[in-house]
Amino acid sequence: MGTVSSQAPSLWPPFTNPPEPTAEELETRSRIMARGYPSTTNLHQYTGHVLDYSTELKCPLWVCERLTREDLDDNTTFVRQTSGVNFRQDSLYRGYARGYLAAPGNHRHSQRAYDDVFQLTNVCPMAKTLKKGLWATLEAYVRDAALERGECFVYTGPLFERSVEIKHIGRESIAVPTHFYKVLGWQESGGLMSEGFVIPNQDSVGKMKDIGTFRLDLKEVESRSKLLFFTA
């Protein structure tokens, strides 16, 4: 008689290979990614965001959202659907919060878009106080910017400083970012305007109030992430 393993089945990769996109899905992708793809290693499209996923790090390299005043003005209350392997509450991120790079608060205009942000492909381990504190402040700032300007394109992702050995957690060996970046761009009469932020993935930083401390020029974020944004 064979032995039965007591180890739970792996959740990785947290996706299946999707079917060929429909014409409607391709149109949605073109709207979200109108400002360009920073990389195209392992693209995944959802209702309100597109991302490039690293199977090595087990987190997204970047997540792109197109935020509009029309969508953000719709404050419909949705209850997250918790069925499916991607929503399992287990010890994957023990010691950390689930950092949703496409923010749930950005996608309350659609049940499907809201549910999609809870997929594991949209998650990085994030310091708990950071998620509830300064990072939430930055997310609110981005929403306010999109409401004021009518439309913003937002790229969010993790950074892994090469001077620090990458930490991995859990039985799936998920990489823990040293920092997170967020860049946003919007159109003005003089052309595309942009700003960026890089925030350390630390609880102590989460208690800070001023996101301006972490504001950086777009070129600096590109240098640190080794990605190019707003290329289209």
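The values are calculated or read from the model by the stated rules, or taken from the named source; none is laboratory data. These figures come from a predicted structure and were not determined experimentally. We place every Cβ from the backbone using ideal geometry, glycine too, and count neighbours over all the protein chains shown. What goes into the accessible areas is simple: the full protein's heavy atoms, side chains included, and nothing from ligands, DNA or RNA. Shrake-Rupley method; radii C 1.70, N 1.55, O 1.52, S 1.80 Å.
So, of the residues in segment 183-219 that are part of a helix (DSSP H, G or I) and of a type in the set (V, I, T), which turns out to be most open to solvent (accessible area, probe 1.4 Å)?
Looking only at segment 183-219, we keep the residues that are part of a helix (DSSP H, G or I), and these are 203-206, 211-214, 218-219.
From what is left, the residues that are of a type in the set (V, I, T) are 205, 211, 213.
On the way: V205: 10, I211: 16, T213: 83 Å².
For segment 183-219, the residue satisfying everything is T213.
Given the residues R80, R35, which is the only one that is assigned to a loop (DSSP other than H, G, I, E, B) and modelled with pLDDT under 95?
On the way: R35 fails: modelled with pLDDT under 95.
It is R80.
When only residues in segment 167-182 that are among the β-branched types (V, I, T) and touching a residue at least 40 places away in the same chain (Cβ under 8 Å) count, which is surrounded by the fewest Cβ atoms within 10 Å (Cβ to Cβ)? Quick ask: steps written out before the conclusion?
Our first condition is that a residue be among the β-branched types (V, I, T); within segment 167-182, this holds for 169, 174, 176, 178.
Filter again for touching a residue at least 40 places away in the same chain (Cβ under 8 Å), leaving 169, 174, 176.
Working: I169: 17, I174: 20, V176: 21.
Across segment 167-182, the extreme among qualifying residues is I169.
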Quiz item: Does at least one position in segment 89-101 carry a residue that is part of a loop (DSSP other than H, G, I, E, B), modelled with pLDDT of 95 or more, out of contact with any Lys or Arg (no Cβ under 8 Å at 6 or more places or on another chain) and crowded, with 18+ Cβ neighbours inside 10 Å?
Solution: yes
